[in-house]
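Shown next, in structure tokens, is the structure this report addresses.
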Ligand code: CIR
């Protein structure tokens with residue numbers, strides 16, 4: 001079967017124990033276990049029609065497995081970010097090199113800071129979280145790049161969690177999964193809102209690939225709500241990477257294989 005998507009991933013760094021943490025306490029991370037879980041995640045991506053572009057380990061970049069934060073990939077071009085955490089900025093170079101084979105590239109520059117985890121693209125609408133990692137200058141730079149391409153950009157305040165996509169992700173053509181304690185669902189009208197189960201605050205991060213949803217095993221109550229909506233889940237265990245404040249969208253950059261790539 002021909003691949004329908006490409007997925008950029010990067011091996012778990014041996015230094016992941018020194019990762020950035022904002023909203024969760026530091027606990028020991030079992031690197032071997034994290035690598036096994038990451039490999040199982042990659043196998044799911046392949047089964048769902050992705051060709052993997054797997055970047056090698058960066059021993060000195062603890063958070064480099066979380067490739068989502070380094071780029072925003074659209075059909076028309078890719079934008080490499082300028083991550084909010086200084087320790088993560090060097091991650092972008094390898095990603096930019098990889099992206100050059102598939103897209104024209106642009107980049108965000110200082111004083112702008114932005115993490116890809118704050119960027120949710122739903123069709124021609126782009127929502128950008130103004131968060132501890134993403135500032136107004138970067139949002140202005142993204143606007144300047146994407147509005148001429150026909151995207152409508154909406155800035156959304158994010159303060160209770162790390163990134164916009166910790167609080168909301170797309171789960172179907174016209175539905176988003178939302179933690180409404182962390183984000184105002186009104187921003188996403190007229191889309192259908194699926195609310196997480198309040199006992200599972202981290203449950204709003206889901207990775208949609210075609211008509212499937214890669215979804216953590218940790219949130220059975222919210223999973224039940226999604227299944228009742230007729231959404232097909234692909235369960236994955238990323239519990240070890242969750243200790244580094246990572247989730248399912250963070251570990252890949254997935255984009256359609258286009259005529260040009
Ligand atoms: C960080 O704080 O940057 C990493 N430890 C976790 C990044 C997770 N990325 C994401 O949600 N997009």
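The values are calculated or read from the model by the stated rules, or taken from the named source; none is laboratory data. The model shown is predicted, which means the values in this text are computed figures rather than measured ones. Ideal geometry is used to build each Cβ from the backbone, glycine not excepted, and the neighbour counts take in all protein chains shown.
Data overview
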{"read-out": "Check on residue 103, touching a residue at least 40 places away in the same chain (Cβ under 8 Å), farther than 24 Å from residue 241 by Cβ and surrounded by fewer than 24 Cβ atoms within 10 Å (Cβ to Cβ)", "value": "yes"}
{"read-out": "Residues satisfying the stated conditions in the stretch 209-241, i.e. surrounded by fewer than 20 Cβ atoms within 10 Å (Cβ to Cβ) and either in a loop (DSSP other than H, G, I, E, B) or within 16 Å of the ligand (Cβ to nearest atom) (or both)", "value": "210, 211, 217, 218, 229, 230, 237, 239"}
{"read-out": "Hey, residue 247 under 21 Å from residue 154 (Cα atoms), modelled with pLDDT of 95 or more and in a loop (DSSP other than H, G, I, E, B) or not", "value": "no"}
{"read-out": "Every residue from the stretch 80-119 that is within 16 Å of the ligand (Cβ to nearest atom), touching a helix residue (DSSP H, G or I) at 6+ places or on another chain (Cβ under 6 Å) and either within 18 Å of residue 165 (Cα to Cα) or not in a loop (DSSP other than H, G, I, E, B) (or both)", "value": "80, 81, 83, 91, 92, 95, 113, 114, 115, 116, 117, 118"}
{"read-out": "Yes/no for residue 176 being part of a strand (DSSP E or B) and under 19 Å from the mean Cα position of the chain (by Cα)", "value": "yes"}
